[in-house]
Amino acid sequence: MTTNSNGYKNIGDYGLIGDRHSAALVGIDGSIDWCAFPRFDSASVFAAILDSKNGGRFAITPSELYTGGQHYLKDSNVLETQFVTRTGSSTLTDFMPFFRRPDLSWVAHGCIIRVLRCTSGAIPMRISYEPRPDYGRSSETLWERNGKLVIKDEDYELILETTQPLEINESGDGAYAEVLLTEGMEAVFIVRHVLEGHEEAIPSALAFVMWDELLKLTDSYWRNLSMTVNYTGPYRDIVVRSYLVLHLLVYIPTGAIVAAPTTSIPEWIGGSRNWDYRFTWLRDAAFTVDALMHLGHTEEAVEFFEWLAQACGLSDDSLEWDHEEEEHLHILYRIDGETDPTEEEIPNLEGYRGSGPVRIGNGAYDQIQQDVYGELLASAHLLATHGEEVTAAHWDVVKTLANLAVQEWREPDSGIWEVRGGPFHFVTSNALCWVALDRAIKLGEMYVPDDPDIAQWRVEAEAIKAEVLDKGWSEEKKAFVQHYESDAMDAATLLLPLLGFIDFNDPRFLSTLERIEMELRHGPFVSRYRTDETDDGVFGPEGAFTLCSFWLVQVLSHVGRRGEATRMFNELLTYANHLGLFAEMIDPRSGLALGNFPQAFTHIGLILAALECTWHEDDPEEGEHREHHDHATHADHDHHGD
């Protein structure tokens, strides 16, 4: 572990625990530096990762020099951190209880259990408990009640109960203890989020008696989930870990999946590209459906798609999209389905290593991003080809999305990267409007061949393709570019063959691929675009976007460079953190993680790239596409080309 002089660890020096309502980052030094209760998008109670001095933490760390390590229990989200000093060793076990036991519903969420055990010799430990509710803006202080440490914030209390007494400091902003543990000794710490007036209904004392039972139930839940992953290839461990990460990011009451459990972790140290990712993007959720389908989890994929339809106002209960109520389909939603995550800055937090501003909410929610229609309908078609019935309600969803694509594709938008310059006529946005119509046509041919809209969709699809192939092509670059108004390259064009818009071996795409590698690839890393030639509305550079690297792995596998694809994938895996977790980006200079952590989209890309590399493992020189080779992509190869 590297701790900077200003008290910050590397972004990758964390493990994630969670209860499918909220989550916490546990540092390799035993410090919880991020946690928001009771939901992912709630205000933080620990945010030292965003302000080492004022953000708040809960640290359990040796008080003398130590070495250590961190790992998850096998196929589980229970985290263990080890400490070794010159006199002894200890293990810190962290988890947030989650399991299926109606008689124990009181621990279903809002609880962190930390168990410190001395495993040999004697080891001195320091406990520092410094909660800072409401992103550090609360003026409330700690106080003791019946042996518990309590801090209030508006309508809830945060309560710490422990077998090891802590002493509150004079200012009331922290509680501390020094303890010498000898072999076999344990100390238990339980942090609970309690809505005001509900404390007596929660038998918290029971948790101390049966914490080991809660641990077993939680570990069993995650291990049983891992056993359902339909993959036995050489990348099983990292695929299962990515699958478990995705499930930690699901808000179980609604089925929404957050893009990441954190906010404002910078995409470049010292830059201002700091966004709140604790919301659900339609794009990310659509790709999640894809990943789950290819791991054999059709039922889960259907549940995600139903959430998508409901969030968009297109569920069985709301089959008509209200154009008077909504100007356009939103591209991200709060995890409860609401559509107004207003963006604001939190000036009292300095940002990770001074990389401000810290933002909560996300102003991109009101952008127009036309690519979502294609991603949603590609997922719908994928479900249908795997045997899921398209009902009349589903067909109404398909028609609404396809007709939105028809209405909007000629207008500029903010694109897949949510640029805050523009809007522009993005090549990928228009190509994905074609994907939306292509999949709607196929679904119509399968289920409702006499629907009169299908004929119009065919006409519009041909018009879209013709325009993209003409205006999206740069003779100077010999490549498809970012948008019609520019010759800048964009890694998002790697999606063109992956989503079936053009054939992988089309000379125009192969030329585009060559230009992408020339301008945007740095070893195994791929940038989204060059920030010095793209008006994205934000200043400064950014790291390489890890998902783009996984897209390139998939593409290379399809264009006869499968050995290179596998080598690239294996190299990328070496940049996962010690637990197999990836952030949004990687600094290509240092190899260190950048951006919100861990990121769902990155782990989705990893799963799909792993599957691609596995399918080609036995015959790396095979030149023809295999039957059903649209596994790990949304592609439909019978509609490639123009």
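The values are calculated or read from the model by the stated rules, or taken from the named source; none is laboratory data. Model, not experiment: these values are computed from the prediction. So basically every Cβ, Gly included, is an ideal-geometry build from the backbone, and we count neighbours across all protein chains shown. Surface areas here come from the heavy atoms of the whole protein model, side chains and all, with no ligands, DNA or RNA. Shrake-Rupley method; radii C 1.70, N 1.55, O 1.52, S 1.80 Å.
At a glance:
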{"read-out": "Filtered residues of the stretch 108-166 (kept if on the phi < 0 side of the Ramachandran plot, of a type in the set (D, E, K, R) and not in a loop (DSSP other than H, G, I, E, B))", "value": "Arg114, Arg117, Arg126, Glu130, Glu144, Arg145, Lys148, Lys152, Asp153, Glu157, Glu161"}
{"read-out": "Residue match in the stretch 368-389 (condition: touching a Pro at 6+ places or on another chain (Cβ under 8 Å) and either more than 25 Å from Leu249 (Cβ to Cβ) or not aliphatic (A, V, I, L, M) (or both))", "value": "yes"}
{"read-out": "Residues being open to solvent by less than 10 Å² (accessible area, probe 1.4 Å) and assigned to a loop (DSSP other than H, G, I, E, B) - total across the stretch 31-46", "value": "2"}
{"read-out": "Criterion (open to solvent by 20 Å² or more (accessible area, probe 1.4 Å) and among the hydrophobic types (A, V, I, L, M, F, W, C)) met by exactly one of Ile49, Ile28, Ile17, Ile60", "value": "Ile28"}
{"read-out": "The listed residue being part of a loop (DSSP other than H, G, I, E, B) and touching a residue at least 40 places away in the same chain (Cβ under 8 Å), out of Leu25, Leu16, Leu50", "value": "Leu50"}
{"read-out": "Pair list, Cβ under 6 Å, 6 or more apart: the stretch 76-91 residue farther than 14 Å from Met185 by Cβ and touching a residue at least 40 places away in the same chain (Cβ under 8 Å), other residue among the charged types (D, E, K, R) and open to solvent by less than 40 Å² (accessible area, probe 1.4 Å)", "value": "Ser76/Asp219; Val78/Asp219; Leu79/Asp94"}
{"read-out": "All positions within the stretch 65-106 that are modelled with pLDDT under 95, among the charged types (D, E, K, R) and assigned to a loop (DSSP other than H, G, I, E, B)", "value": "Arg100, Arg101"}
{"read-out": "Boolean, Glu200 is modelled with pLDDT under 95, surrounded by fewer than 13 Cβ atoms within 10 Å (Cβ to Cβ) and touching a Lys or Arg at 6+ places or on another chain (Cβ under 9 Å)", "value": "no"}
{"read-out": "Test result for Thr298, at pLDDT below 95, out of contact with any Ser or Thr (no Cβ under 6 Å at 6 or more places or on another chain), of a type in the set (S, T, N, Q) and buried (at least 20 other Cβ atoms within 10 Å of the Cβ)", "value": "no"}
{"read-out": "Residue tally, condition open to solvent by less than 10 Å² (accessible area, probe 1.4 Å) and among the β-branched types (Val, Ile, Thr), over the stretch 573-602", "value": "2"}
{"read-out": "Members of the stretch 488-518 that are in contact (Cβ under 8 Å) with a residue 60 or more places away in the chain, open to solvent by less than 10 Å² (accessible area, probe 1.4 Å) and not in a helix (DSSP H, G or I)", "value": "Asp490, Leu499, Gly500, Phe501, Ile502, Phe504"}
{"read-out": "Hits in the stretch 229-276 (condition: open to solvent by less than 10 Å² (accessible area, probe 1.4 Å), assigned to a loop (DSSP other than H, G, I, E, B) and closer than 14 Å to Phe601 by Cβ)", "value": "Leu249, Val258, Ala259, Ala260, Pro261, Thr262, Glu267"}
{"read-out": "From Arg410, Arg353, Arg359, residue being open to solvent by 40 Å² or more (accessible area, probe 1.4 Å), basic (Lys, Arg), closer than 30 Å to Ala47 by Cα and modelled with pLDDT of 90 or more", "value": "Arg353"}
{"read-out": "The stretch 108-154, subset surrounded by 16 or more Cβ atoms within 10 Å (Cβ to Cβ) and of a type in the set (Phe, Trp, Tyr), residue nearest to Thr67 (Cα to Cα)", "value": "Tyr129"}
{"read-out": "Where Arg567 falls short, out of the listed (1) at negative phi; (2) in contact (Cβ under 8 Å) with a residue 40 or more places away in the chain; (3) surrounded by fewer than 22 Cβ atoms within 10 Å (Cβ to Cβ)", "value": "(2)"}
{"read-out": "Matching option when the condition is among the charged types (D, E, K, R), surrounded by fewer than 24 Cβ atoms within 10 Å (Cβ to Cβ) and assigned to a loop (DSSP other than H, G, I, E, B), among Glu485, Glu460", "value": "Glu485"}
{"read-out": "Some residue of the stretch 444-455 being of a type in the set (A, V, I, L, M, F, W, C), open to solvent by 10 Å² or more (accessible area, probe 1.4 Å) and free of Cβ contacts under 8 Å to residues at least 12 places away in the same chain", "value": "yes"}
